[in-house]
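One structure is given below, encoded as structure tokens.
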Amino acid sequence: MALKTKTIVQPSAVKTPSAEPLIVAKNLGIKYEGEKEKSGDFKSLVHNFLSLKKEEKFEDIWALKGISFSGYPGDVLGIIGFNGAGKTTLCQTILGMMKPDMGNIQVRGEVSSLLSLGTGFNQEISGRENIILNGLVLGLSREKLDALLPYIEEFSGLGRFLNYPLKYYSTGMKARLGFSIAAAIDPEIMVIDEVLSTGDLEFKERAVKRMYELVSGAKMVVVVTQDPDFIKDNCTCGLWLDQGKVAAFGDPKEVADGYRQEVARRVKPRKKFVEIRETRTSIGKEETVRVEDLGIKFKLGKNDFWALNGVNFNVHDKEILGIIGPNGAGKSTLCRALSGLYRPDRGSVKVKGEITALLTFKLGFNSQLTGYDNIYLNGMMLGIPKKEICRLENDIVEFAELQDKIHKPVKEYSSGMKSRLGFSIAAMMQPNVFIVDEALSAGDMAFKEKATARMQDMLEEAKTVILVTHSLGIVEKACTRAIWLQNGAIQFDGDPQKAVKLYKESVQKYRKMKKTLPIKKDVRLKQAVEKFGAGDYRLAEDLLAEVLRDDPHDIDVLTQYAEIAYSLENWETAKERWEQVLRIAENTGETVPKEVKKRLKEVKEKAVKS
């Protein structure tokens with residue numbers, strides 16, 4: 001059913017008569033031209049030739065059509081809609097990446113964007129080096145980067161992980177890094193497309209606070225989300241897109257409520273989830289997963305980093321196990337160990353039966369192939385016979401609700417559409433153990449409902465589901481049990497509601513501890529040394545970064561930071577800080593002890609060797 005566009009009066013607080021709009025879209029349209037079905041991939045060519053199938057021209061698709069809205073200084077514009085509604089296309093158009101086929105859009109001011117995880121990142125270099133690389137690509141001078149670096153490091157909260165290559169980062173950690181870089185540039189307009197969905201509870205709150213800081217300085221933030229509560233609680237105006245058209249625009253509460261009602265209308269009535277207590281009593285007796293004293297380490301230079309250490313648990317059939325925790329806790333590493341991608345450095349992992357793992361909504365897709373061809377590609381990668389894939393293909397397409405786009409290349413899919421397709425392929429394979437690592441984060445509200453119902457159905461088939469997510473509501477509602485993982489170790493294993501409660505309390509405690517950090521520089525430095533010695537690297541990094549945020553050119557603090565890193569054999573960090581000291585001294589004319597140059601030469605050699 002086509003929705004009738006509803007224009008809601010924008011709150012007067014959002015704009016004043018004297019304010020000039022930063023974004024004005026008038027009757028905007030973006031069209032994807034239909035292509036012949038003979039797209040050039042080998043499988044489709046052979047199939048069409050053998051079946052004597054004629055070439056077919058697909059109709060043009062209007063990703064956006066007749067879009068009109070304005071955005072003003074001080075706006076937090078929340079864009080919401082089902083997967084494939086045109087949200088990502090609109091973001092790309094605001095950024096100038098796509099040219100209108102109809103109407104026009106005017107954007108005034110510098111735009112900073114965060115469109116997808118990993119965009120512009122080099123997986124082989126460290127997080128800190130990626131900050132510098134991205135900054136240089138964005139046209140920032142090295143002097144400006146030196147000033148911003150402590151702020152970005154502190155805001156990301158990644159601590160010691162900034163010394164490690166990005167290939168070891170989870171999706172949530174990449175989201176932290178990407179947002180921190182984009183937010184530090186202080187643009188007139190900041191565009192964020194869904195990436196905050198993989199950030200943990202503590203980081204999401206900081207990200208929202210930073211958005212408010214931007215708009216308080218007459219800036220504008222455009223954020224794409226699948227969460228109507230986020231629109232209602234954090235945005236000054238909402239834009240609901242449906243099938244490329246404006247369904248509603250204006251008051252965020254009315255937009256969010258309208259979208260929620262449409263979700264309820266579209267989702268077919270399903271059986272309610274079994275109550276937690278009742279589900280617990282039906283847990284099977286057959287053990288499907290056993291993890292004993294599991295340890296996974298990564299060799300980073302001369303140091304060993306234990307991503308998991310002393311992890312013990314088991315899972316039975318008919319269980320949905322939720323795994324929660326902050327970014328960098330070891331959740332993705334655990335999923336990879338269960339899937340057989342990582343071999344234990346200590347302990348053991350035993351999984352009974354077939355495993356299907358959906359580790360990320362991009363993994364396993366060939367962006368040049370169509371969604372249809374990717375069904376076969378992923379199925380064969382999972383070892384499924386072609387006949388079985390043929391039998392399941394219609395069910396997969398129907399479940400994903402991509403019938404009108406299944407013959408389009410995946411490169412034209414939004415992250416939410418990839419999430420739909422990936423989950424649908426994996427869930428239809430009927431494995432004994434189904435592992436989902438954040439792959440549902442980009443799915444829209446209606447699809448999450450379907451996916452959760454599908455996981456519930458799997459319990460009736462004596463399946464085991466392991467779900468990693470930052471959507472704590474799903475854990476409380478759908479999981480029969482939850483594990484809270486932090487710093488590579490299990491903090492709690494048991495009732496989902498209690499696990500979520502304890503995790504939230506730990507976030508509040510950490511936030512309170514950060515707020516009560518001592519004001520005096522020398523006290524903070526002393527505490528940082530103590531925390532490093534005690535192995536609390538995250539808080540130590542926060543203490544040092546906070547000192548540098550007050551004065552990023554403080555040579556004494558930078559030198560002590562480098563000395564601490566040197567004592568811990570973190571050669572890259574020590575090199576970076578001492579290089580920063582020399583650059584600042586050169587600009588200010590300060591004298592640097594010869595010992596600094598000597599140490600810098602030493603750590604450069606050690607960094608190369610490591």
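The values are calculated or read from the model by the stated rules, or taken from the named source; none is laboratory data. As the structure is a prediction and not an experimental result, all values here were calculated from the model. Here Cβ is always computed from backbone atoms with ideal geometry, including for glycine, and neighbour counts include all displayed protein chains.
Okay, here's what the table says:
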item	result
Hey, D257 acidic (D, E), modelled with pLDDT of 90 or more and out of contact with any strand residue (DSSP E or B) (no Cβ under 7 Å at 6 or more places or on another chain) or not	yes
Qualifying residue in region 73-85 (condition: modelled with pLDDT under 85, assigned by TED's automatic domain parsing to the domain that holds Y212, more than 17 Å from L241 (Cα to Cα) and among the charged types (D, E, K, R))	no
Exclusive hit being over 30 Å from W571 (Cβ atoms), modelled with pLDDT of 85 or more, in the same structural domain as F434 (by TED's automatic domain parsing) and outside any strand (DSSP E or B), set I384, I406, I323	I406
Single condition P21 does not satisfy, out of (1) out of contact with any Cys (no Cβ under 9 Å at 6 or more places or on another chain); (2) modelled with pLDDT of 90 or more; (3) surrounded by 20 or more Cβ atoms within 10 Å (Cβ to Cβ)	(3)
Failed condition for G139, given (1) out of contact with any Asp or Glu (no Cβ under 8 Å at 6 or more places or on another chain); (2) crowded, with 16+ Cβ neighbours inside 10 Å; (3) on the phi > 0 side of the Ramachandran plot	(2)
G422 surrounded by 24 or more Cβ atoms within 10 Å (Cβ to Cβ), modelled with pLDDT under 75, in contact with a helix residue (DSSP H, G or I) (Cβ under 9 Å, 6 or more places away or on another chain) and under 28 Å from K204 (Cα atoms)	no
